[in-house]
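Novice: Below is a structure I'd like to ask you about.
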Amino acid sequence: MAHSFATDVLVVGAGPVGLTAAAELRRRGVTCRIVDRLPARLPFAKAVGIQPRTLEVWDRMGMVRAALEAAVPMRGQFLYVNGVEKARIELSVPPEVPYGFVALPQYETERILDEFLGRFGAAVERGTELVSFTQDADGVTCRLHTPSGAEEELRTRYLVGCDGAHSIVRKGLGLSFEGGAFAEEYMLADVRVDWDLPPGYNLRAMHLDGDGAVDDVLVCIPLPGRGRYRMSMMVPPELSTARQDAAAPDGIAHGLQSGRGPALADIQTVLDRLSPQPTTAFDIRWTSVFRISHRIVDRYGDGRVFVAGDAAHIHPPTGAQGMNTGIQDAWNLAWKLALACEGAAHPGLLAGYDAERRPVGEEVVGRTVRHAVEGMENDPDDPATVMLREAQLLVGYRGSPTVDPVGEGRGPRPGDRAPDCAGLTGPGTAYPMRLYDVLRDRDHVLLLYGAGSEPGAGLDELVRTARESSGGRMEVCLVLAADADAHAVIEADGTALPVYVDTRGEFARLYAAEEPTAFVVRPDGYLGARLPLSPSPLAAHLAAVFTPNPPN
């Protein structure tokens, strides 16, 4: 049996979730290996919807431009019932949100993430499978089966399972995966059509029987390329895989199934029944049969081993929530693991992964199951709230052990997403910037609003506390009110601080900053704390994130 040098983290599974975890770890300088049992990426447009929040994640990572250039904007959705247009929903977000909804086939998402990972000197080890693992107080011993047929024993500090619905990592941990399955099966196809529906719109066409129940459905999501869509529709009996799925070794019927896939004629038959206008399907790239389960683990990790994405939660694809939720699982975990690998994390920081992400997974599973049964159009919340929630802009971590108590007051509170805003002018800029421009490529950031234009002992001590309590990992930026001197030079703790002027007052408005306030922005773009300009509460907050004396 071969042996390798230890690495900090082994990531199992090279889909969008595993690639996100590996890329974030490598971007932060953590040694990491990522393995996948498949010999190559699959050319399937499985998950296609990219939510605005995921684009914000990619912005913070530094890869959003590549994604946007490869994607197609999603403008809205047409809803047809029994051949009659019932609704036209426009997909929109508030003006301060920097990104909208886009569609990007999963094979393109994986390509972009794979190339981004390569910028940090790492690559997916294809054809390599995790066979088993054991963990102890100091690390994890993993047994891998390599493409040559040999076995490798790898000693790693942490193991992250992003290996899908049939996860070997989840099974090895003995996590429960409670839930159920839908009886319906669906055909999926990546195909072109020649209709003249406006580009950028989803299509949902349903047929209701005499009792008002849905007995036929067609869902089309635009893909890059003229007239190209990822279509889903009910499976005819001759293509059913139900008997095969019932015999699945782990009893989990979810995702693409083996067996004969639909032919172009099968797709055309459904279009003839449900398309709002006559159309012809052509240029088919792939088809498959898809089964849907809904399950979630009882915990997102144990000791030094964690699960993310489909390894932790599976659910209907309604609203394109699954891949996006998994990517944000990985992002939440990666920055915490990076601190732990540096020896700089508070002992309870990694426990915050389960505390923050499992409630999100539970909500997504429950909501997507409800929408799959009742229809998203029947959601009881007002349309604006539904839109923000589907965009994943309402995900938050209030009550997490790693953020401060919420407290009283208006505006975003600890655990909430740090909103973007426009109209900031910075050093040497001749154009207004966005707050996310300031945060990009930074990790822990202390934003000091209204700290004044004169240095003083209080500011010196506040900045010194931020730096010392974080082991030099926290950057400090000042945001001054609109009427402040745009050319002010402000020093604290022996250095000049970056100064940005809130020329339009958007920061003050969106953050409800009516007096000098300190905002701690975590690496994942959520507020860790909202504090007065005082070193003591800042030190107390950072003590729950970092070790008492984090190494530089």
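The values are calculated or read from the model by the stated rules, or taken from the named source; none is laboratory data. These numbers come from a predicted model, not from an experiment. In this analysis, Cβ positions are derived from the backbone assuming ideal geometry, glycine residues included, and neighbour counts consider all displayed protein chains. All accessible areas refer to the heavy atoms of the entire protein, side chains included, with ligands and DNA or RNA removed. Shrake-Rupley method; radii C 1.70, N 1.55, O 1.52, S 1.80 Å.
Novice: I'd like the orientation of helix 264-274 relative to the chain: the angle between its Cα long axis and the longest Cα principal axis, in ° from 0 to 90, rounded to 10.
Specialist: Long axis of 264-274 versus the principal axis of the chain: about 80 degrees.
Novice: Next up: Counting only heavy atoms of the protein chains, get the accessible area per residue of the chain (1.4 Å probe) and round it to a whole Å² value.
Specialist: 40
Novice: In whole angstrom, note down how far apart the Cα centers of region 20-66 and region 259-286 are.
Specialist: 31
Novice: Oh, and also: Could you check the spin-label model distance between Leu42 and Asp283? Points 7 Å from the Cα along Cα→Cβ, value in nm.
Specialist: For Leu42 paired with Asp283, the spin-label model returns 2.4 nm.
Novice: Oh, and also: How big is the charge dipole of the chain about its Cα centre, in debye rounded to the nearest 20, if each Lys and Arg gets +1 on its Cβ and each Asp and Glu gets -1 on its Cβ?
Specialist: On the way: 54 positive and 73 negative charges, 177 e Å.
Value, rounded to 20: 860 debye.
Novice: Also, quick follow-up: Does a label point 7 Å from the Cα of Ala6, set along Cα-to-beta-carbon, have any residues of region 139-165 with amide nitrogen under 13 Å, and which are they?
Specialist: 139-142, 154-159
Novice: Quick one: helix 351-374 against the long Cα principal axis of the chain, what's the angle to the nearest 10°, folded into 0 to 90?
Specialist: Computed tilt is about 30 degrees.
Novice: Place +1 on the Cβ of every Lys and Arg and -1 on the Cβ of every Asp and Glu in region 17-100, take the dipole about the Cα centre, and give the residue among Tyr80, Ile34, Ser92 whose Cα lies farthest towards its positive end.
Specialist: My answer, from the dipole projection, is Ile34.
Novice: Largest first, how would Lys86, Lys46, Lys336 line up by accessible area (1.4 Å probe)?
Specialist: So the residues, ranked largest to smallest area, are Lys86, Lys46, Lys336.
Novice: Now for a different question. Can you give the convex hull volume per residue for the Cα atoms of the chain, as a whole number of Å³? Intermediate results must be reported in sequence, preceding the final value.
Specialist: Values: hull volume 86.5 nm³, N = 552.
So the per-residue Cα hull volume is 157 Å³.
Novice: Report the full-extension gain for the segment Tyr431 to Arg88: residue separation times 0.36 nm, less the Cα-Cα distance, to one decimal in nm. Could the numbers behind the result be given before it?
Specialist: Working: separation 343, 0.36 × 343 = 123.48 nm, distance 3.71 nm.
Full-extension gain reported as 119.8 nm.
Novice: Now for a different question. Which of the peptides 193-199, 261-267 is most tightly packed, and how do the rest follow, judged by the mean count of other Cβ atoms within 10 Å per residue?
Specialist: Most protected by this proxy first, the peptides run 261-267, 193-199.
Novice: Arg509 label point, 7 Å along Cα→Cβ, cut-off 14 Å on backbone N: hits in region 403-441?
Specialist: So the set is 420-424.
Novice: Per the helix-only calculation at 222 nm, which mean residue ellipticity applies to the chain, given -39500 (n - 2.57) for every DSSP H run of n ≥ 4 and division by its residues, nearest 500 deg cm²/dmol?
Specialist: Here the helix-only value at 222 nm equals -8000 deg cm²/dmol.
Novice: Any lysines with Cα under 29 Å of the Lys171 Cα? List them, leaving off those in the same chain fewer than 8 positions away.
Specialist: Lys46, Lys336
Novice: State, as an integer percentage, the relative contact order of the chain based on alpha-carbon contacts under 8 Å between residues 6 or more apart.
Specialist: Value for the chain: 15 percent.
Novice: What length, rounded to one decimal in nm, is gained on full extension from Ala486 through to Asp382, with 0.36 nm per residue of separation minus their alpha-carbon distance?
Specialist: Numbers: separation 104, 0.36 × 104 = 37.44 nm, distance 4.12 nm.
Full-extension gain reported as 33.3 nm.
Novice: What span do the alpha-carbon atoms of region 1-128 cover on each of the three principal axes, reported in whole Å from largest to smallest?
Specialist: Extents along the principal axes, in whole Å: 65, 35, 19.
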